[in-house]
Amino acid sequence: MKPWILGLTGGIGSGKSAVAQGFIERGVHLVDADHAARWVVEPGRPALSKIVEHFGAGVLQADGQLDRAALRRLVFADPEQRRWLEALLHPLIGQEIVQVLARAESPYAILVSPLLVESGQQRLTQRVLVVDTPVELQVQRTMARDQSSEEQVRAILQAQASREERLRHADDVLLNDRDLAWLDAEVERLHTFYLTLRGGQP
């Protein structure tokens, strides 16, 4: 029986990682889209040589790893270059995710992605769980975690899909506005429910 795929998403500071950890502890196979995005540009992978060919050796660190900050500066200022990079990386990240999900042994597997809705990665999933948090709480948590200013955090929130947009795509919503014990109980409740599903739908 092939596992069905649950998409797990939520805005910055919503507690996605804590929720993901709860599912991992219950033996659920999980893929993180951010990790996949890092793997596809490792030295020796075809994407990295294409990036260097296109942008020049200035995007490499001395040890041959990708200099993410340098690449960000180049594409951030130029939408054309950003589109080129996304066209190269998005299909590769998608393949990477699919390959890792295919190795899942659990009844269902999870794709964690902050940009599940925006990136089209939602197409890989049969069901979507949104970790939802009141905006003020997101801002407080993120400022505390990243030592960033309120302006910085609000700018990131602006760039991510709006809370309304995410919730519109949700099959399940986990409201994370209490403590970790409550969060864990919610993960347990959802996990028990998910084990009863075939193909992600009741």
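Read-outs throughout are calculated quantities, based only on the coordinates presented, and are distinct from any laboratory measurement. What you are looking at is a predicted structure, and each value in this text was computed from that prediction instead of being measured. Cβ coordinates were reconstructed from backbone atoms using ideal geometry, including for glycine residues, and neighbour counts include every protein chain displayed.
Per the Cα gyration tensor, the chain maps to an equivalent ellipsoid with semi-axes of 30, 22, 14 Å, ordered largest to smallest.
Look at the alpha carbon pairs under 8 Å that are at least 6 residues apart: their mean separation over the length of region 1-122 gives a relative contact order of 50 percent.
Other residues with beta-carbon under 15 Å from the beta-carbon of Arg198 carry, at +1 per Lys or Arg and -1 per Asp or Glu, a net charge of +1.
Computed from phi, the 3J(HN,Hα) profile of region 95-108 under the Karplus parametrisation 6.51, -1.76, 1.60 (θ = phi - 60°) reads 4, 4, 4, 4, 5, 5, 5, 5, 8, 5, 10, 7, x, 9 Hz, with x in place of Gly and Pro.
Distant-in-sequence amide contacts of Asp132, defined by a placed amide H-H separation under 5 Å and a gap of 5 or more residues or a different chain, comprise Leu174, Leu175, Asn176.
Region 106-149 and region 7-37 have Cα centres lying 8 Å from one another.
With neighbour counts taken as other beta-carbon atoms within 10 Å, the residues Ser14, Ser162 rank, fewest first, as Ser162, Ser14.
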